[in-house]
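Encoded as structure tokens, here's the structure I'll be asking about.
Computed from the coordinates by the stated procedures, all read-outs in this text should not be read as laboratory data. None of these values were measured; they are calculated from a predicted model. All Cβ positions, even for glycine, are placed from backbone atoms using ideal geometry, and neighbour counts span all protein chains on display.
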């Protein structure tokens, strides 16, 4: 089987699996606080109200205007945003596959997207509702994918697309955008040597990225200035938000080895994984049985411990596999 056919078949298979995983749950339940606020804000925007001045939020504007655009094209219904999330999850699935294909054997490259689809199901409804965190994640992954393509091909188009997606990530969720910018910048500095961009001047290399990302950022700023809401945006999304986040969400990582206060409702609310929390909230069994303190505690430890373990071991794995790093061995 040639490479092009295998690529098409794999992509088709992942999309089919993604639809199969999501269609049974995409229109189930509702999250009034998150989905309700987003839908209300988008509807108010369509009725002429100004974000940050007449609509209170601490999140950057992209998610609200994208939702308002979807409502104007289709109808102001949460099913529209649920379908948008289905498509977003498919996009993230394909991005994870193409990113993994760059650094792993073809059959192993399907593992991250399959794990993500599994997470969509078990974390219901977190990844079923259209929200700024998942949208920013999708933009950030797309920026990373096109950065790899830019390093491999040197095409101006790929560089411009990096800037567009990176700016979109930042305009969707400010902290995700900051971390994505830092990660991609460090990755670019490390990977530029030996890439298609190595011999080019820095100005030529960075111009398409800065120009495209700066264009939509500048357009956003000019719109806020024209409506007189720039000060409200800065106050609501940076100044006031910083203090309120520290007061309300400055929660430590739970103990991974010691005892956990599972009898405290606030602790369970803050740290229980969504699937278990939903069952607890509705008083339902989980997988046919009661949720024991051991199951709840172990799920909390794993949900925090596994990501931390991956972060801790990644530098070691990178160093151990440094001899097998062949730039340009497989294109993204």
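Can you tell me the FRET efficiency between residue 75 and residue 239 if r is taken as the Cβ-Cβ distance and R0 is 45 Å, rounded to the nearest 0.05? Provide the component values of the computation, followed by the final result.
Details: r = 36 Å, r/R0 = 0.80.
For residue 75 and residue 239, the calculated efficiency is 0.80.
Next up: Taking the Kirkwood radius as the inverse of the mean 1/r across Cα pairs, report the Rg/Rh of the chain. Let's see the in-between values first.
Details: Rg = 21.6 Å, Rh = 22.2 Å.
That ratio equals 0.97.
What is the spin-label model distance, in nm, from residue 257 to residue 317 if the labels are put 7 Å beyond Cα along the C-beta direction?
Roughly 2.3 nm, to one decimal.
What does the extension gain come out to for residue 202 and residue 25, with contour length at 0.36 nm per residue minus their alpha carbon separation? Before the final figure, lay out the partial values.
Numbers: separation 177, 0.36 × 177 = 63.72 nm, distance 4.77 nm.
Full extension of this stretch gives 59.0 nm more.
Rank by packing, highest mean first: peptides 282-293, 177-188, with packing defined as the count of other Cβ atoms within 10 Å averaged across residues. Show your work: numbers first, answer last.
Working: 282-293: 10.0, 177-188: 15.6.
Top to bottom by mean Cβ count within 10 Å: 177-188, 282-293.
So for each of 72-81, 271-280 I average, over its residues, the number of other beta carbons within 10 Å; can you give me the resulting order with the highest mean first? Mind dumping the intermediate values first?
Working: 72-81: 13.9, 271-280: 17.6.
Result, highest mean first: 271-280, 72-81.
Normalised by the residues of the chain, what does the relative contact order come to in percent, with Cα pairs under 8 Å and at least six apart?
On the way: 337 pairs, mean separation 59.4, N = 332.
Normalised by residue count, the contact order of the chain is 18 percent.
Express in nm, to one decimal, how much length is gained between residue 12 and residue 222 on full extension, taking 0.36 nm for each residue of separation and deducting their alpha carbon distance. Write down the numbers at each step before the final one.
Working: separation 210, 0.36 × 210 = 75.60 nm, distance 4.11 nm.
Fully extending the segment from residue 12 to residue 222 adds 71.5 nm.
Compute the distance in nm between two label points, each set 7 Å from the Cα along the Cα-to-Cβ direction, one at residue 3 and one at residue 287.
Result for the modelled spin labels: 4.1 nm.
Let's test the formula: R0 of 35 Å, r as the Cβ-Cβ distance of residue 47 and residue 211. What FRET efficiency results, to the nearest 0.05? Present the calculation step by step, with values, prior to reporting the outcome.
Numbers: r = 35 Å, r/R0 = 0.99.
Between residue 47 and residue 211 the formula returns 0.50.
Could you state the number of Å between the C-alpha centres of region 265-286 and region 92-130?
What the calculation gives is 25 Å, centre to centre.
How much FRET efficiency would the formula 1/(1 + (r/R0)^6) give for residue 190 and residue 303, where r is the Cβ-Cβ distance and R0 is 30 Å, rounded to 0.05?
Working: r = 30 Å, r/R0 = 1.01.
Rounded to the nearest 0.05, the efficiency is 0.50.
Follow-up question, since we're still on this one. Treat the count of other C-beta atoms within 10 Å as a stand-in for reagent exposure and order 319, 97 from fewest to most.
Values: 319 9, 97 24.
Ascending number of Cβ neighbours within 10 Å: 319, 97.
Okay, moving on. Per residue, how big is the convex hull of region 58-140 when only Cα atoms are used? Give it in Å³.
On the way: hull volume 8.3 nm³, N = 83.
Per residue, the Cα convex hull of region 58-140 comes to 100 Å³.
Taking 0.36 nm per residue of separation and subtracting the Cα-Cα distance, what length does fully extending residue 182 through residue 111 add? Mind dumping the intermediate values first?
On the way: separation 71, 0.36 × 71 = 25.56 nm, distance 2.62 nm.
Difference between extended and current length: 22.9 nm.
Related question: With an 8 Å Cα cut-off and a minimum separation of 6 or more residues, compute the relative contact order for region 32-110 in percent. Provide the component values of the computation, followed by the final result.
Numbers: 45 pairs, mean separation 17.6, N = 79.
Taking the mean separation of contacting Cα pairs over the length of region 32-110, I get 22 percent.
Using the alpha-carbon centroid of each, what span in Å lies between region 203-244 and region 27-78?
Their Cα centres are 20 Å away from one another.
A further question follows. Kindly provide the pair-distance distribution of region 130-269 built from C-alpha pairs, with 10 Å bins from 0 and whole-percent values in order of increasing distance.
So the P(r) values, bin by bin, are 11, 30, 27, 19, 11, 3, 0.
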